[in-house]
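What follows is a single structure, written as structure tokens, with notes after it.
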Number of protein chains: 2
Amino acid sequence: MIRTKVKLTYITNDSSRKATYKKRKKGLMEKVSELSTYCGIDTCAIMRSPYDSQPEVWPSLLRFEQVLSKFKMILKMEQRKNMVNQERFLSQRIVKVVEQIKKH
Amino acid sequence: MIRTKVKLTYITNDSSRKATYKKRKKGLMEKVSELSTYCGIDTCAIMRSPYDSQPEVWPSLLRFEQVLSKFKMILKMEQRKNMVNQERFLSQRIVKVVEQIKKH
DNA sequence: TCCTCTATTTTTAGGTA
DNA sequence: CTACCTAAAAATAGAGG
């Protein structure tokens with residue numbers, strides 16, 4: 001009856017693994033939903049498994065696609081901004097080096 | 001000193017919200033990683049926030065892209081299979097109806 | 001198989017350094 | 001701001017129907 005602390009390894013027993021998957025899927029989806037509420041942010045999640053006939057999606061397949069594509073867009077924008085910043089940094093360095101050279 | 005049960009609403013206090021975000025981000029990433037180990041499945045997660053300079057990715061940006069594109073491919077395949085199944089179902093229905101008609 | 005129960009572990013909100 | 005602490009809440013492994 002005593003519940004032992006489980007080791008973090010693959011669950012070989014089929015039914016245990018399925019039970020754990022179902023419980024943790026529920027838990028994970030709840031966490032995703034809570035984070036959205038607590039922090040006022042867009043979140044989405046999608047999971048499929050041999051144990052479910054349909055993929056589990058939060059909050060909806062449409063929102064999933066929307067959140068993900070917005071996310072990708074922002075990542076690209078940020079990368080571009082980073083590159084611009086690096087370019088600016090580099091050109092400032094060049095200006096400084098050129099000034100150094102002129103002094104001598 | 002008594003900790004009250006928190007309501008599931010947006011956290012208006014900036015520093016509390018940030019603290020909660022950071023803690024829950026860590027928790028969420030751990031859950032995603034655990035699910036992968038326990039159930040032997042591909043998982044991935046990505047999060048960005050005004051509180052982090054870089055997006056948090058699990059297990060890596062490359063794996064994130066790979067897992068997601070594989071996921072999308074599987075979803076498409078399943079949709080196609082469903083359509084084929086529906087077509088087969090419909091054509092079987094038609095065969096039956098035609099047989100019914102022939103009998104009369 | 002699927003649900004429910006519950007002891008135990010795990011997470012975490014709020015406090016302090 | 002960050003890091004640690006801890007009581008309390010929440011998640012969940014395993015058992016039982």
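Values quoted throughout were computed directly from the atomic coordinates according to the rules given, and no laboratory measurement underlies them. These figures come from a predicted structure and were not determined experimentally. Don't worry about glycine lacking a Cβ; one is built from the backbone with ideal geometry, like all the others, and counts go over all protein chains shown.
See the values below:
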read-out	value
Pair list, Cβ under 9 Å, 6 or more apart: the range A:12-38 residue under 18 Å from B:TYR21 (Cβ atoms) and at the interface with chain B (Cβ under 9 Å from one of its Cβ atoms), other residue of a type in the set (Lys, Arg) and within 7 Å of DNA strand D (Cβ to nearest atom)	A:LEU28/B:LYS31; A:LYS31/B:LYS31
Yes/no for A:VAL84 being farther than 30 Å from B:LYS18 by Cα and either under 22 Å from the mean Cα position of the chain (by Cα) or surrounded by fewer than 13 Cβ atoms within 10 Å (Cβ to Cβ) (or both)	no
Residue tally, condition more than 9 Å from DNA strand C (Cβ to nearest atom) and part of a loop (DSSP other than H, G, I, E, B), over the range B:8-56	17
Hits in the range B:8-42 (condition: touching a Lys or Arg at 6+ places or on another chain (Cβ under 9 Å) and under 30 Å from A:VAL6 (Cα atoms))	B:ARG24, B:GLY27, B:LEU28, B:LYS31, B:GLU34, B:LEU35, B:TYR38, B:CYS39, B:GLY40, B:ASP42
Residue match in the range A:73-92 (condition: out of contact with any strand residue (DSSP E or B) (no Cβ under 8 Å at 6 or more places or on another chain) and within 14 Å of DNA strand C (Cβ to nearest atom))	no
Failed condition for A:ASN85, given (1) touching a residue at least 12 places away in the same chain (Cβ under 8 Å); (2) over 19 Å from B:CYS44 (Cβ atoms)	(1)
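A quick yes/no check of all residues on (1) touching a helix residue (DSSP H, G or I) at 6+ places or on another chain (Cβ under 8 Å); (2) within 15 Å of DNA strand D (Cβ to nearest atom); (3) within 26 Å of A:GLU78 (Cα to Cα):
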position: B:THR20; (1), (2), (3): yes, yes, yes
position: B:LEU35; (1), (2), (3): yes, yes, no
position: B:CYS39; (1), (2), (3): yes, yes, no
position: B:PRO50; (1), (2), (3): no, yes, yes
position: B:GLN54; (1), (2), (3): no, yes, yes
position: B:VAL57; (1), (2), (3): yes, no, yes
